[in-house]
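The structure under discussion appears below in the form of structure tokens.
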Amino acid sequence: MERETDSLLKVLDKVISERSHYTKIREAKIMELKQRKKQLEDIDDIININREIIDQYNSFICDSAEFYINENLSLANKLNKQDIIVENLLRLSYIYSLSGLFLQASEIFESLDYEDLTDNNKVWYCWNYIRYFENLIFYTADIKYSQQYEKEKEAYRDKVMGLLYEESEEYKKELAHKLQQEGRFPEAENLLLPVFYNQTPETHDHAMAAMNLAKLYRQAGKKELENHYLTIAAITDIELAVKENEALLSLAVNLYENGDIDRAYEYIRVALDDALFYNARFKNSVIARVQPIIEDTYLQKIYSQQKNLKNYSIITSLFALVLIITLFYLYLQVKAVSKARKELRIMNEDLLQLNRKLDEANTVKEHYIGYFMNQCSVYVNKLHKYRKNVNLNIKTGQINNLFKLSTDELEKDISELHTNFDKTFLALYPDFVSEFNSLLRPDEQYSPERGELNNELRIFALIKLGITDMKQIADFLHYSVQTVYNYKSKVKGKAVIESDQFEEMIIKIGSIS
């Protein structure tokens, strides 16, 4: 039931948002009746169409309903039609009761002789008196007076029940009210539920039947059921543009008590607008007792929400500030890490390059240590053999052979040393010659025999190995220092790059095979 009521409340919210549309429909109907009236001349016809206009205004605008009732009273007096006079006096008493003119309504009741009324008018008279006392109880809200009004109301209920057919819906509704007063709620419910389901939806009788059930459940203490039927009655009233809307006011109070402040505030505001539109003085005063309480609570809620929103805004701003600071710190950290990674990458590349150079240096060192140890061993043996030959030539007196032996052996040894150096170097750097040539102009490139280097290449091979002292290079090659300089200058003159960068490029040539 609670879920169904929540769905109905959403429907009610929707029809409230569209209530101006329903009001225009009611106004269009009234305008159409007024246009038809302009074409009438017969007084009876005018009285009849006034009845239709009064029926439209009864729950729409009480002042307008009163105007047309008084017009019919005037016409009835002219025609001296007592039945129409009584009819319109009863209509007027009803309108006065709704609008809060209780004194005027009471005067009309007292002006009518109940015993002279027809049975139908007696029923109408009693019903109007019941409504009169209901509104009076609602208006006074004073238990000292309401108890007396309650007794008088029930007396008229007993009287009208004596006039009604016991199987009629009207009788069952009055009996149900009677049972409610006695606390016999299940019996009253058994009477009112069939009446409700027997009504055509979206009619005034449907709304009234729902309102009767809501009042029953209110007395029975069944709030959910009360709100359910109040919502149905309110929806129907708004769709019919009923401005004398009791259901919406009662529902607003209940929702306020249930803590639904937003809806309560909206519904009480709409109920007040309808009461002002209808011009019901007593309804305005009833709403005036409730509205300030609901409005004050609503405003307190809005103030609390604004305060919370302000606090949330401050907290959110602080969080945003902390987040910005954190993001900035993370940005700095990321930037620092990125920089560190870049530096580390450069360091790793440098380290890798250094390791390569170290590997190359170690490899060169290993090869040349082995090479020179072997050469030392060879020259030691040669020196020993040379010493023996010298001794032998001296002993035999062959002095000339000593001069010949010295010159021949020296040149042979130098040539052998250079040949061994070339083989060892090219074994380490097999692409040295091709890469060296890439630094020279095409027409100046070298094409030495396979496995050998010429003098210029040999000088730069030694520079590649890290020997940059010209005296050492000259001693190794058995040239003068000036000759080495001349060779270097000659080669640099063939280069395609600046001469001061040439030796740096030579050092970078090649990789260890």
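Computed from the coordinates by the stated procedures, all read-outs in this text should not be read as laboratory data. Here the structure is a predicted model, which means the values were calculated and not measured. Positions of Cβ are generated from backbone atoms using ideal geometry, with glycine treated the same way; all protein chains shown enter the neighbour counts.
So the values come out like this:
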read-out: Estimated dipole of the stretch 398-507 in Debye, rounded to 20 [Cβ of Lys and Arg +1, of Asp and Glu -1, Cα centre]; value: 140 debye
read-out: Charge dipole (the chain, unit charges on Cβ, about Cα centre) - positive-most of 125, 114, 235; value: 235
read-out: Within straight-line cross-link reach of residue 494, aspartates and glutamates at Cα separation under 18 Å, skipping those fewer than 8 residues along the same chain; value: 435, 443, 444, 456, 503, 504
read-out: MRE, 222 nm, helices only [DSSP H, n ≥ 4, -39500 (n - 2.57), over the chain, to nearest 500]; value: -28000 deg cm²/dmol
read-out: The stretch 159-218, relative contact order in percent, only Cα pairs under 8 angstrom and at least six apart counted; value: 26 percent
read-out: Charge dipole (debye, nearest 20) of the stretch 40-163; +1 at Cβ of Lys and Arg, -1 at Cβ of Asp and Glu; value: 460 debye
read-out: The chain: angle of helix 246-258 to the longest principal axis, Cα-based, in degrees nearest 10; value: 50 degrees
read-out: Segments 188-195, 25-32 sorted - mean Cβ within 10 Å per residue, highest first; value: 188-195, 25-32
read-out: Low-density loop positions, trypsin sites (Lys or Arg not before Pro), the stretch 437-513 - DSSP coil, at most 15 other Cβ in 10 Å; value: 450, 508
read-out: Quarter of the Cα convex hull surface for the stretch 173-289, i.e. its orientation-mean projected area (nm²); value: 7.2 nm²
read-out: Lysines with Cα under 26 Å of residue 243, excluding same-chain neighbours fewer than 8 positions away; value: 10, 14, 24, 29, 34, 37, 153, 173, 215, 223, 283
read-out: Length-normalised contact order for the chain - Cα pairs under 8 Å, 6+ apart - percent; value: 11 percent
read-out: Helix 19-38 vs. the chain, principal-axis angle (Cα, 0 to 90°, nearest 10); value: 40 degrees
read-out: Only Lys, Arg (+1) and Asp, Glu (-1) charged, at Cβ; the chain dipole about Cα centre in debye; value: 4540 debye
read-out: Between helix 399-428 and the chain: long-axis angle, C-alpha atoms, 0 to 90°, nearest 10; value: 10 degrees
read-out: Relative contact order for the stretch 171-280, counting Cα pairs under 8 Å that sit 6 or more residues apart, in percent; value: 18 percent
read-out: Pairwise centroid distance, computed over Cα atoms, of the stretch 71-132 with the stretch 239-262, Å; value: 31 Å
read-out: Packing-based ranking, highest mean first, of 172-178, 10-16 given that Cβ atoms within 10 Å are counted; value: 172-178, 10-16
